[in-house]
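J.: Can you keep this structure in mind? I'll have questions shortly.
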């Protein structure tokens, strides 16, 4: 059960935000375009950045793809080790190379209620894209950390940003930061969710917790144990909250937690039919599979839901998303894939 919903500073305190000078991207594809070599200052260097074969291509990313998003216009965006990739349905464009952005690998992304796109890098902070200009925010502008793992927009329109050294929330003018004081909770944030009461849940690499606007508290099971290394947290259409991570897969119905799997769970997504999609594998293994829990089986109290294995993979599976046509997209350690219910499209040569 939830202990005091108070205890832990995972958010952000105020800092003035100075907008960095951005670039104005043109996304119209130019065929046969290859990236121009860029000489980076060694102080601004990411050894994990992966060079794209081409800036514009009919093939998808070849590197680790952590998350996929479809924007309100229907276009797709990917956070990859090659940088920010845009897909218009026919052509993939690497905007990190094309627009001369800092060459860091990307991890997280989100579209806010105003249509701005937010991209989180590992080492170069945040990029916000308003459709014309990319603006880079880092610790110099008040961000809690430059390694960004997740975003969330609350009901008030504040943008919450999870980093490895705490949480920031951006009110449109400045960042506010909170750093956890509980060592068990830690400072590394994997996922953020606001529940129906306005409390903010944090999936942490330490112990998951809840913030009530004043204090943070660890989330504990009925036996009093904390949920360690939670990677994903979502709320389904019925209001239940799901936690997935090293502790397995859990459902919180408002008073108690129910366990659905002991396997390590990386990402969670509920589709329009109420089916729950997960990527899971044995703890400490790189082999993961894509699973689907049927909505009907999840709705029967006391019934043990058995997921269908949709895809076995020798590598890792990351962010899962449903597009407007009902296709399921997910990232992997070898690029992006779309599943239409029958076939898998990897956009490979």
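What follows is calculated from the coordinates using simple rules that are stated; it is not laboratory data. Small disclaimer: the values here were computed from a predicted structure and weren't measured. Glycine gets a Cβ as well: all are built from the backbone with ideal geometry, and neighbour counts include every protein chain shown.
J.: Taking 25 °C and 0.890 mPa s as the conditions, I'd like the Stokes-Einstein D for the chain in µm²/s, using the Kirkwood hydrodynamic radius from alpha carbon pairs.
T.: 119
J.: Please express the Cα-Cα pair-distance distribution P(r) of the range 120-165 as a list of whole percents, one per 10 Å bin, running from 0 to the bin with the greatest distance.
T.: 28, 54, 18, 0
J.: Let me ask another. Translational diffusion coefficient, Stokes-Einstein: compute it for the range 244-349 using the Kirkwood radius over C-alpha pairs as Rh, at 10 °C and 1.306 mPa s, and state it as an integer in µm² s⁻¹.
T.: Approximately 111 µm²/s, per Stokes-Einstein.
J.: Per DSSP H run of n ≥ 4, the term is -39500 (n - 2.57); total these for the chain, divide by its residue number, and report the mean residue ellipticity at 222 nm rounded to 500 deg cm²/dmol.
T.: Rounded to the nearest 500, it is -500 deg cm²/dmol.
J.: Calculate the spin-label point distance for residue 199 paired with residue 183, positioning each point 7 Å from the Cα along the beta-carbon direction, and give it in nanometres.
T.: 2.6
J.: Using Cβ counts within 10 Å as a stand-in for footprinting exposure, how do 73, 215 rank, fewest first?
T.: So the ranking, lowest neighbour count to highest, is 73, 215.
J.: Using Cβ contacts closer than 10 Å as the measure, can you line up 306, 78, 110 from fewest to most?
T.: Least to most surrounded, the residues fall as 306, 110, 78.
J.: Tell me, 298, 143 in order of fewest to most beta-carbon neighbours within 10 Å?
T.: Exposure proxy ranking, most exposed first: 298, 143.
J.: So, R0 is 56 Å and r is the distance between the beta-carbons of residue 299 and residue 140; what FRET efficiency does that work out to, to 0.05?
T.: The formula returns an efficiency of 0.70 here.
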